Structure formats: structure tokens, C-alpha cells
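Inspection log for the structure reproduced underneath, given as C-alpha cells.
The values are calculated or read from the model by the stated rules, or taken from the named source; none is laboratory data. Quick caveat: nothing in here was measured; it's all calculated off a predicted structure. Quick reminder, even Gly has a Cβ in these numbers, built from the backbone with ideal geometry, and neighbours come from all protein chains shown. Only protein heavy atoms, including side chains, enter the accessible area calculation; ligands, DNA and RNA are left aside. Shrake-Rupley method; radii C 1.70, N 1.55, O 1.52, S 1.80 Å.
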Amino acid sequence: MTPGENGPSTPEDDDPFGYLYADGQARGAQPPSGGYGYPNSVSRVRAVGERQYGQQQATYGQGVPQQQGTYAQPNAYYQAPETLPGGAPPSTPRSAPPAPGRRGPNTRGLLIGAIAVVAAVVIGIGVAMLNGNDDNKTHNQAGGTPTQSQSQNPSPSGSNSAGSGELKTDAAASGIQLAGGAAKASDVKGAQSSDGSYVGGLNTVGASITWTVANVPSDGVYTLFTHFSVAGPDQKMTVSINGKPFATGLSLHNYAHAKDGDYANGWTTTYVWPTLNKGSNTITISCQPGDQCNALIDQLWLQQGQHTRSG
């Protein structure tokens, strides 16, 4: 007896899975707990090369040995259907269903969107240009409604005629009070009063024109237009509303660019925005210390609200 052997044995004793078969179970095989599955089975020491792997082994519980083939070789008992009589019916390969066509980008939608954007931009530019032109035409003033304490520099009016609804008077009319050397005159051409007259002699401290307006329709801001003539340097006089001086006075700029002494070509219009009361109001244009009063005045008129042009 060689070391590691307990007695004669058979190859079947080496099957570690004997407990899985009926004949193995009849011999008392149990799941392995240390041996190969049979009672008294032990590991056997074998010389190197003694056991041949890959040979046919007897299978327990089967009377007919199974056919063992070589790996990667077909079973000898298998015959392809094509070798049988009649052969296998030819099979027609199925063609794969056509893949759904991939749609390209919606170029029509993109084109419509781009056209819409361009149209919106063009319309916006056109509206902005129209609004800009309206601002230039109306010469709107910034800063809201001026009061007697606010500054206002008038600009020349494009119209010398009074519109409907305006309260208008000639500066030399019989209802106008002249004082301090102010007097009616008519030797300078171009005055727009009903008889071509105007008020001169204003270039003296204390000279004044007072207009009492009896029918102002409501409280609020009005535009006082003054038609005048200046030749040479710009002039400036004092305006008083109901006895209170207007902060900025009445600017009499040489908007017509008349040469010094050429009063016939110096007629133009200026304005201020005083606050008036409903009913009677007194408006005075006077020459006070520090004023430059070398001017002629022929008409005065009021228009409700803030305006830069008459009418």
C-alpha cells in the first residue's frame, strides 16, 4: 500500500458528484464535506501524467456511453437538413424593413421666422423715425409744466397769426394801458396789428404795457405769445402776472437776424408759460433796471396749455 491510500478502490470512487446519481446514492454517497462524496473516499496521490484528461468517462446511472466529440467539431450523429432526402425547403431571406427617412431641418419654418424678425426690426426703426420727426416738429420742452419760478427760454414761432380760441389783442389797442413813456407808433413797417400800429418808447426804465384779460376760461398754465421786433443785439424785458414778476422775464431775441436799426425786418414771436386764474388776470410787460428794452411790440395773445407755436 502506497502512502495516502487506504485500500483498493475503483475510479468510480473518485467522482465528486456521485451523490447526484441514483447508484451513487444507493452506495451511500453524501454531499462532500471533505472527501469526494463516497464513504471512505480520500484524495489519492498520483504520479504526474498518470491521469489522462479529456478521455471518455463512464457515466453513472446510464447504460449506454454517451458519444463524445472533439471540441469545436460537429456531432457525428448530426445531419444537416440539406443532406436529407428532399432537402430542406429553401428559405427566402427577409429583407430588413427600410429605415425611416431622416427629415432634414425645417428650412421653410426657419426662413419664415427670419423674415418675421427682419420685418419687426424694420417696423421698429420706422416707428422710431416717425416719433423722432414728431418731436422735431412739435419742439416739446422737457421738465414738465413751468411755473413763475422756473426758467424758460422761448424760441421763435413759425406762425405769426393767432388761431381760433385764443385771447388776442393789439398792443396799442384802446383797452391796453401804456405807461412810463411807452407810446403808440406806426412808422416802422411790418407790424401785424389791425391798423399796422405798435408800441414804442419802451427803452426807458418804468415804461410798460398792461393788458387786463377778463375772460380766462379756467385755472392753469397758458402760453403768452408776444409779437415784437428787435434789430441788432438781443433784448429782455420783465413780465408780471397779477403783479408778480415771471422768473425768467420775456426774452426778445433777434431771431430774424435783423441788422442794427432794421426793425422792419426784425419782426418775430416769442412766448412764456405763465399760470393764470379763471376770470380776470393782469399781464404787464415792463422795462425794469437791468433789462434791455430796445424793442417794438405790436400784438399779445393767450392760448391755453403749453405751446411753442400759435394755433
Flagged in segment 226-265 as in contact with a Gly (Cβ under 8 Å, 6 or more places away or on another chain) and assigned to a loop (DSSP other than H, G, I, E, B), in numbering order, are Val230, Ala231, Gly232, Asn254, Ala256, Ala258, Lys259, Asp260, Gly261
Over segment 281-311, the set of residues open to solvent by 10 Å² or more (accessible area, probe 1.4 Å) and of a type in the set (Val, Ile, Thr) is Thr282, Thr284, Thr308
Across segment 285-307, the tally of residues that are more than 12 Å from Thr226 (Cα to Cα) and in contact with a strand residue (DSSP E or B) (Cβ under 8 Å, 6 or more places away or on another chain) stands at 11
Exception for Thr308 within (1) in contact with a helix residue (DSSP H, G or I) (Cβ under 9 Å, 6 or more places away or on another chain); (2) among the polar types (S, T, N, Q); (3) closer than 18 Å to Ala172 by Cβ falls at (3)
Going through segment 264-280 in order, the residues found to be more than 14 Å from Ser251 (Cβ to Cβ), out of contact with any Leu (no Cβ under 9 Å at 6 or more places or on another chain) and open to solvent by less than 30 Å² (accessible area, probe 1.4 Å) are Gly279
Per the filter on segment 187-213, residues more than 21 Å from Trp273 (Cβ to Cβ), among the aliphatic types (A, V, I, L, M) and surrounded by fewer than 22 Cβ atoms within 10 Å (Cβ to Cβ) are Val188, Val205
